[in-house]
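Participant: Take a look at the following structure, please.
The values are calculated or read from the model by the stated rules, or taken from the named source; none is laboratory data. Quick caveat: nothing in here was measured; it's all calculated off a predicted structure. Using ideal geometry, Cβ is built from the backbone for each residue, glycine included, and neighbour counts are taken over all protein chains shown.
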Amino acid sequence: MSKLKSSPYSDKALKQLASILGRKDVNIHYSDSAATASTDGETINLPSECMNSPEAIQAVQGYIDHETGHIRWSSFSLAGKFQSKGPAWGNLFNILEDVRIERLAIKAYPGMFFNLDNLTEYMKDNGLYQKPAGMAQLTNTRAPRAAKIMSTIEAYILYHLGHKILRYRLQEHAEVSRKVAVKLVGEKIVSDITAFAEKIQHAKSTQDAADITTKIMEYLKQECNNPQEQQQPQQSGSDNNQSSSAADVLSLHHTKNRASSCQDNQQQSESNDSQDNQQQSESNDSQDNQQQSDQDTGTGKGTGGQDSQDDQLQPDSQNSGDNQSSSDDNQSNADSGLDFDNIEEQNIKVKSRGDALADHLEEKSKKV
């Protein structure tokens, strides 16, 4: 399909520009069905709707800059093999590789920053990037929990790296997506993933982007399938406070018992005039000591009795269980292993800059 008549760009001009930037002969193709741009390393596929308004036409400049960045700096053979691991792996890899090549493009041609930033605004305004107010919906779907985690983490990485490394106008997107991610998997996991993802600014090749993707995916598998690590810091802190509170109650309980024993001994000393009272006091002491011994037995030397501790902890434990079971996002990991390798593509709710390598990649990988 040829370009639309409303475009100020001729096919020849776009082809020449793409070929110069990509440093090879590049063809331009328009698609009525494509929502975003893509490339197979030889042809840039542009959505026809980009030619329907001045705003959309401006986005074409960003698309050309982005896709020629892939043509110049991406390894399509490696990308094809890597994306065969599944949609979650492929999409995360694509996000990271997009950041790497756009950083290189802006370094080579500083004026590209404005084209790519305008493209970012176009994608925000036309629903290709989630609106901040709607990001919570990433976790409010019926998709498997693994898909929710991947959609949320990928959204955060996309917006955070776009804002921090590439300096696009994505600050609100980055801040809101981080909050959603922290709520879903906890501060520790998000902070660790951030550290992994930010290494993309030092990546030298597509292989580096693939290695970072692997680290993030393997980390998610390990952390999100580990019941010990899965709980959020807020919950862990709550549990620690509950344990401390129970320990304080038990300590106070033992202190009162010791005070009671001292008081009994004092009463015994003062009641030596009556043998019957003395025997009664001794009997009371014996009974108190037996109760204390029963409480101090069970979990070992220097610890409170298990029954007493259970009595103190049980209500908090039940409340904690109720709170956790009320949130699907905080429990299902521990029940069964999460499968990040076989997430269905329709359950990945976040897309990279332009599905840059996706549309033609399967066919391209067969040729390589």
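Participant: If you take the residues of segment 193-209 that are in a helix (DSSP H, G or I) and among the small types (Gly, Ala, Ser), which of them is nearest to ALA79 (Cα to Cα)?
Facilitator: ALA209
Participant: Can you tell me which residues in segment 23-50 are in a helix (DSSP H, G or I) and surrounded by 19 or more Cβ atoms within 10 Å (Cβ to Cβ)?
Facilitator: CYS50
Participant: Looking at segment 160-185, which of its residues are under 11 Å from ILE149 (Cα atoms) and of a type in the set (Gly, Ala, Ser)?
Facilitator: If the condition is that a residue be under 11 Å from ILE149 (Cα atoms) and of a type in the set (Gly, Ala, Ser), then ALA181 is the only one that fits.
Participant: So is LYS107 of a type in the set (D, E, K, R) and within 29 Å of PHE340 (Cβ to Cβ) or not?
Facilitator: Against the criterion (of a type in the set (D, E, K, R) and within 29 Å of PHE340 (Cβ to Cβ)), LYS107 does not qualify.
Participant: Within segment 71-95, count every residue that is more than 15 Å from ASN342 (Cα to Cα), part of a helix (DSSP H, G or I) and out of contact with any Phe, Trp or Tyr (no Cβ under 8 Å at 6 or more places or on another chain).
Facilitator: Total meeting the criteria: 10.
Participant: In addition: Scanning for something farther than 21 Å from ARG169 by Cβ, outside any helix (DSSP H, G or I) and either without any contact (Cβ under 8 Å) to a residue 60 or more places away in the chain or not acidic (Asp, Glu) (or both), does segment 112-135 turn up at least one residue?
Facilitator: For segment 112-135, residues farther than 21 Å from ARG169 by Cβ, outside any helix (DSSP H, G or I) and either without any contact (Cβ under 8 Å) to a residue 60 or more places away in the chain or not acidic (Asp, Glu) (or both): absent.
Participant: Given the conditions (1) surrounded by fewer than 23 Cβ atoms within 10 Å (Cβ to Cβ); (2) in contact with an Asp or Glu (Cβ under 8 Å, 6 or more places away or on another chain); (3) over 24 Å from SER75 (Cα atoms), which single one is not true for LEU128?
Facilitator: Condition (2) is where LEU128 drops out.
Participant: Confirm whether ARG100 is within 16 Å of ALA18 (Cβ to Cβ) and of a type in the set (Lys, Arg).
Facilitator: Spelling it out, it is not the case that ARG100 is within 16 Å of ALA18 (Cβ to Cβ) and of a type in the set (Lys, Arg).
Participant: GLU198 passes all but one of (1) acidic (Asp, Glu); (2) surrounded by fewer than 16 Cβ atoms within 10 Å (Cβ to Cβ); (3) touching a His at 6+ places or on another chain (Cβ under 9 Å); which number fails?
Facilitator: Going through the list (1) acidic (Asp, Glu); (2) surrounded by fewer than 16 Cβ atoms within 10 Å (Cβ to Cβ); (3) touching a His at 6+ places or on another chain (Cβ under 9 Å), GLU198 breaks only (2).
Participant: Sticking with this structure for a sec: Taking segment 145-172, which residues are farther than 26 Å from ASP341 by Cβ and either assigned to a helix (DSSP H, G or I) or of a type outside the set (Lys, Arg) (or both)?
Facilitator: Residues satisfying the conditions are GLY162, HIS163, LYS164, ILE165, LEU166, TYR168, LEU170, GLN171, GLU172.
Participant: Right, here's the next one. Determine, yes or no, whether LYS15 is among the basic types (Lys, Arg) and either within 22 Å of SER77 (Cα to Cα) or modelled with pLDDT of 85 or more (or both).
Facilitator: Spelling it out, LYS15 is indeed among the basic types (Lys, Arg) and either within 22 Å of SER77 (Cα to Cα) or modelled with pLDDT of 85 or more (or both).
Participant: From (1) modelled with pLDDT of 90 or more; (2) in contact with a Gly (Cβ under 8 Å, 6 or more places away or on another chain), pick out the condition that doesn't hold for ASP40.
Facilitator: (2)
Participant: Sticking with this structure for a sec: Restricting to segment 77-110, give me the number of residues that are modelled with pLDDT under 95 and surrounded by fewer than 21 Cβ atoms within 10 Å (Cβ to Cβ).
Facilitator: Qualifying residue count for the region: 8.
Yes/no matrix, rows are residues, columns are (1) in contact with a helix residue (DSSP H, G or I) (Cβ under 6 Å, 6 or more places away or on another chain); (2) farther than 24 Å from LYS81 by Cα; (3) at pLDDT 85 or above:
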residue	(1), (2), (3)
LEU4	yes, yes, no
SER7	yes, yes, no
ASP11	no, yes, no
SER19	no, yes, yes
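Participant: Find all pairs meeting these conditions: Cβ atoms under 6 angstrom apart; at least six residues apart or on different chains; first residue within segment 329-348 and under 15 Å from LYS148 (Cβ atoms) and among the small types (Gly, Ala, Ser); second residue at pLDDT 50 or above and crowded, with 19+ Cβ neighbours inside 10 Å.
Facilitator: Going by the 6 Å Cβ cut-off, the qualifying pairs are SER332/ARG145.
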